[in-house]
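The values are calculated or read from the model by the stated rules, or taken from the named source; none is laboratory data. Keep in mind it's a predicted model, so treat the numbers as computed, not measured. Here the Cβ is made from the backbone with ideal geometry for all residues, glycine too, and neighbour counts use every protein chain on show.
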Protein chains: 2
Amino acid sequence: MDITPFAAHEPPCYTVVFTSVRRQEGDAEGYGEASLRMDELVRDVPGFLGYESARTPGGLGITVGYFRDEDAIRAWQRNAEHRSAQQRGRDEWYDSYTVHVARVERSYGFERG
Amino acid sequence: MDITPFAAHEPPCYTVVFTSVRRQEGDAEGYGEASLRMDELVRDVPGFLGYESARTPGGLGITVGYFRDEDAIRAWQRNAEHRSAQQRGRDEWYDSYTVHVARVERSYGFERG
């Protein structure tokens with residue numbers, strides 16, 4: 001997966017911040033596979049713009065998705081395979097997670113010349 | 001630093017997504033110290049609600065801050081010590097970064113029972 005930050009760009013645009021704590025014990029089976037499948041699936045969502053993800057070993061993971069509008073977010077959240085992965089996440093992979101859906105007001109960035 | 005995700009809560013609330021790529025080479029001197037100092041400083045900003053941070057070793061870092069309103073974000077962005085840390089970031093620590101300021105529309109979460 002690409003480590004380039006998602007570029008600053010003109011609103012309107014929405015972001016979904018998904019913050020998660022993986023279970024320390026228990027079964028991580030299928031997690032990596034499901035992540036790769038979600039990476040594949042989300043790219044087919046009309047209005048999906050990109051995402052970034054980071055996880056501190058043994059700590060928090062943060063995934064930030066960018067979407068053109070709320071319809072795109074709804075389409076992604078209702079995707080059947082995604083819903084089933086969310087359910088597995090609650091049953092098997094995560095101790096906790098939080099989702100914040102937010103409307104991007106402005107963006108800017110820096111790149112070494 | 002705490003690894004509990006920032007809890008879902010009622011809007012209005014704003015979020016600042018700071019995504020960065022650290023320089024592979026060059027001088028990381030002062031980075032850890034500055035991070036700790038920013039952690040301390042931001043807590044004094046009226047309207048600061050919390051933040052979360054994750055960094056994949058050798059990859060992306062994502063820090064997500066939560067603020068009550070745009071005034072709180074402006075106060076933080078204009079803080080003199082923070083501005084000087086931002087400048088050092090561009091001069092010394094980062095290859096690139098992106099900032100997205102967004103208004104939280106809704107939040108929800110999951111916690112293992």
Hits in the range B:84-105 (condition: touching a residue at least 24 places away in the same chain (Cβ under 8 Å) and either in contact with a His (Cβ under 6 Å, 6 or more places away or on another chain) or within 19 Å of B:Ile73 (Cα to Cα) (or both)): B:Ala85, B:Gly89, B:Tyr97, B:Thr98, B:Val99, B:His100, B:Val101, B:Ala102, B:Arg103, B:Val104, B:Glu105
Selection from the range A:2-24 of residues that are at pLDDT below 70 and of a type outside the set (Ser, Thr, Tyr): A:Asp2, A:Ile3, A:Pro5, A:Phe6, A:Ala7, A:Ala8, A:His9, A:Glu10, A:Pro11
Yes or no: the range A:47-56 includes at least one residue that is of a type outside the set (Ser, Thr, Tyr) and away from chain B (no Cβ under 14 Å). yes
